[in-house]
Amino acid sequence: MYQTDSSSLNLGLNPVLKSAYFISKNSQDVQIPLDGIYQASSKIYSLMKIKKYSTSNWKKHDLHPKTTDEKTIDWIFLVDLLNFSFWSDLDKATNTSNNQKFSITFKNQHYTGYWALCAAINRSIEEGTPITTPSFYASENVLSDQAIHHIFRSSLPNTQIPLLKERIECIREAGKVLTTKFDGSFINCIKASNKSCLNLLKIIIDNFPCFRDEIMFLGERVCFYKRAQILIADIWACFEGKGYGEFKDIDEITMFADYRVPQALHHLGAIKYSDNLMKTLERCELLEYGSRLEIEIRGCSIWAVELLKREIMRMAEQENGQDFIPVVNAIILDFFIWDFAKEHINELEVEFHRTRSVYY
């Protein structure tokens, strides 16, 4: 069903998908078994039908904004600016997780990971700090590093959000770009895109270096653009494809290559790891950003989700599944698989790969 000749494949216009296909064709330790794609797509499709999964699921998360206005754009931009590397450090003696996770208690609810980031920002807003305003966080003279430390204070003693120094650098960089180039708002980036997510992706990559998720692989520059793409996807999902969230080419966006979705894809059988990689993950060894194994995991995950998307679209078309799932694209699949991973966290039999990076 799936051709292997790139000249006959529809790789679209997004360089991320082209990079993913190139990586998958040259991968040594990560494979995409087609029988696994068929089985995983059938399971995902069945679950998506039961849940009637759609863009509306984005707002159902307690910590996500429920309104669709300019302040919501500011919130989404800041969250995805900082949406990276939440896993807890390893105990150096045992090389295992020390379980001292960055966590936030907000409105009597306990959050870790990405949700702790959202909770910290929402807590700051409730405390009267305009943390999502670019002109506010652009300068240390207005918002000090110490104040940022306080905003992201953990509810557990002796823990803090990972890579805090790097997060502060991202905040300063992006705030200055928005205030000097885009009149203080990411909304102006959206307007300049002319309702094209690929135009917006290029605007982000060209102007915000901390979103430039690119690396060399076998002599070729490959790109993943995880945070840039999820920024666009979150806006599209929150606004349900309308207003600021209307993009005529939204289906060009790929899966967002992080560390949790590949773990779920392996559990579902959509990707397969070599014995060498399995042992590496079991030992919780750190994989350097840009290392071969790390690139293969991310690239093959993107291509696997593309194959899942094509198979699920085929199944939906055959049985008029649009009655249950109004939209099937890589964004919806990524959101669904990420939620699946969080819901079945104790059932996933393989460790996620550990890479400290500002890119995911």
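The values are calculated or read from the model by the stated rules, or taken from the named source; none is laboratory data. Fair warning: this is a prediction, and the values are worked out from it, not measured in the lab. Please note: Cβ atoms are built from the backbone with ideal geometry, for glycine as well, and neighbour counts cover all protein chains shown.
Annotations
- Test: residue in region 251-273 that is among the β-branched types (Val, Ile, Thr), surrounded by fewer than 23 Cβ atoms within 10 Å (Cβ to Cβ) and either within 15 Å of Val350 (Cβ to Cβ) or within 19 Å of the chain's Cα centre (by Cα) (or both): no
- Filter pass, Glu285 being within 21 Å of the chain's Cα centre (by Cα) and closer than 27 Å to Glu214 by Cα: no
- Taking (1) surrounded by fewer than 21 Cβ atoms within 10 Å (Cβ to Cβ); (2) part of a loop (DSSP other than H, G, I, E, B); (3) modelled with pLDDT of 95 or more; (4) not polar (S, T, N, Q) in turn, Ile345 satisfies each apart from (3).
- Residue match in region 186-205 (condition: of a type in the set (Gly, Ala, Ser), out of contact with any His (no Cβ under 7 Å at 6 or more places or on another chain), surrounded by fewer than 16 Cβ atoms within 10 Å (Cβ to Cβ) and part of a helix (DSSP H, G or I)): yes
- Residues (of a type in the set (D, E, K, R), without any contact (Cβ under 8 Å) to a residue 60 or more places away in the chain and touching a helix residue (DSSP H, G or I) at 6+ places or on another chain (Cβ under 7 Å)) located in region 289-321: Lys309
- Taken over region 114-134, residues that are part of a helix (DSSP H, G or I) and surrounded by 16 or more Cβ atoms within 10 Å (Cβ to Cβ) amount to 12.
- Filter pass, Glu294 being among the acidic types (Asp, Glu), within 15 Å of Ala40 (Cα to Cα) and at pLDDT 95 or above: no
- Once region 258-288 is narrowed to residues that are part of a helix (DSSP H, G or I) and β-branched (Val, Ile, Thr), the residue that is farthest from Arg354 (Cα to Cα) is Val261.
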